[in-house]
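K.L.:
Have a look at the structure that comes next, please.
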Amino acid sequence: MNNQENILDLYYNKHLKQKDIANIVGVSKQYVSKVVNSDSRCKKEKQTRKDKNAITRKGYMKEYFKNYVRSKKEDNSYEQLKALQYQDSLELSYFSGYMNDYTFAKYNSSIYHRDKNGNLRLSKGIKVCNDVPKIINMNIPITTQKYKNFYCFSK
């Protein structure tokens, strides 16, 4: 039996890989590939091996995902959201007694626009009561605007 017949026997009957056949016969992997590809049964055998590997992989992945345990990440976004909501409710609550103009504009940003001087100006066509500021001077640093009952909460 010559090398070509031996290679074809190992590939089609024993179902060995080309790399393993090259080691057994003592030839290069490229030579084994050339011999196998020149045979008429090559396409059918490759498709058969591909289908078999797909079934094996599907079973492996099914078992993997059944037993895989994902690590739990610490998710504190809910606590952060609660703290933010609490802070906002303090700033906007009736119990604080005072809300400065900037805070009002921050929570009602859709009714204000910036003018050419950088100040916040009430948009035209908005009907509001007398308590609502029409123009908010933004040339004053925010840190000088005081918040009554301003608290910062953290866990």
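K.L.:
Report, in deg cm²/dmol and to the nearest 500, the calculated mean residue ellipticity at 222 nm for the chain, where each DSSP H run with n ≥ 4 adds -39500 (n - 2.57) and the sum is divided by the residue count. All intermediate terms of the calculation are to be shown ahead of the outcome.
P.N.:
Working: 6 runs with 77 residues, N = 155.
Mean residue ellipticity, 222 nm, calculated: -15500 deg cm²/dmol.
K.L.:
Run through segment 29-113 and list the trypsin sites (Lys or Arg not before Pro) located in a DSSP loop whose Cβ has at most 12 other Cβ atoms within 10 Å.
P.N.:
Qualifying residues, ordered by number: 41, 70, 72, 73.
K.L.:
Another question, then. Quote the FRET efficiency, to the nearest 0.05, computed for residue 30 versus residue 67 with a Förster distance R0 of 41 Å and r equal to the Cβ-Cβ distance.
P.N.:
Values: r = 40 Å, r/R0 = 0.98.
Approximately 0.55, to the nearest 0.05.
K.L.:
Return one quarter of the surface area of the convex hull spanned by the alpha-carbon atoms of segment 3-67, equal to its mean projected area, in nm².
P.N.:
On the way: hull surface 20.2 nm².
Seen from a random direction, the Cα hull of segment 3-67 projects 5.0 nm² on average.
K.L.:
Still on this structure: Expected output is a single nm value to one decimal: the length gained when fully extending between residue 15 and residue 135, i.e. 0.36 nm times separation in residues minus the C-alpha distance. What is it?
P.N.:
Working: separation 120, 0.36 × 120 = 43.20 nm, distance 8.38 nm.
Gain in length upon complete extension: 34.8 nm.
K.L.:
Please report, in debye to the nearest 20, how large the charge dipole of the chain is about its Cα centre when each Lys and Arg carries +1 at its beta carbon and each Asp and Glu carries -1 there. Please list the in-between numbers first.
P.N.:
Details: 30 positive and 15 negative charges, 122 e Å.
For the chain, the charge dipole is close to 580 debye.
K.L.:
Bin width 10 Å, origin at 0, all Cα-Cα pairs of the chain: what percent of pairs per bin?
P.N.:
Using 10 Å bins, I get a P(r) of 8, 20, 14, 8, 6, 7, 9, 13, 13, 3, 0 for the chain.
K.L.:
Between residue 110 and residue 123, what is the label-point separation in nm under the 7 Å Cα-to-beta-carbon projection?
P.N.:
0.8
K.L.:
DSSP loop (so not H, G, I, E, B), at most 11 other Cβ within 10 Å: list which chymotrypsin sites (Phe, Trp or Tyr not before Pro) in segment 1-99 pass both filters. Provide the component values of the computation, followed by the final result.
P.N.:
Values: sites: 11, 12, 31, 60, 64, 65, 68, 78, 86, 94, 95, 98; in loops: 68, 98.
Answer in residue order: 68, 98.
K.L.:
List 25, 128, 36 from most exposed to least, where exposure is judged by having the fewest other Cβ atoms within 10 Å. The partial results should precede the final answer.
P.N.:
Details: 25 16, 128 11, 36 20.
Ordered from fewest to most neighbouring Cβ atoms within 10 Å, 25, 128, 36 come out as 128, 25, 36.
K.L.:
Which of 100, 10, 117 sits closest to the plus end of the dipole of the chain, meaning its Cα is farthest towards the positive end, when Lys and Arg get +1 and Asp and Glu get -1 on the C-beta?
P.N.:
Projecting each Cα onto the dipole axis, the largest value belongs to 10.
Quick note: the coordinates plus some simple rules give every number you see, no bench work behind them. Remember, predicted model here, so these are calculated numbers, not experimental data. Using ideal geometry, Cβ is built from the backbone for each residue, glycine included, and neighbour counts are taken over all protein chains shown.
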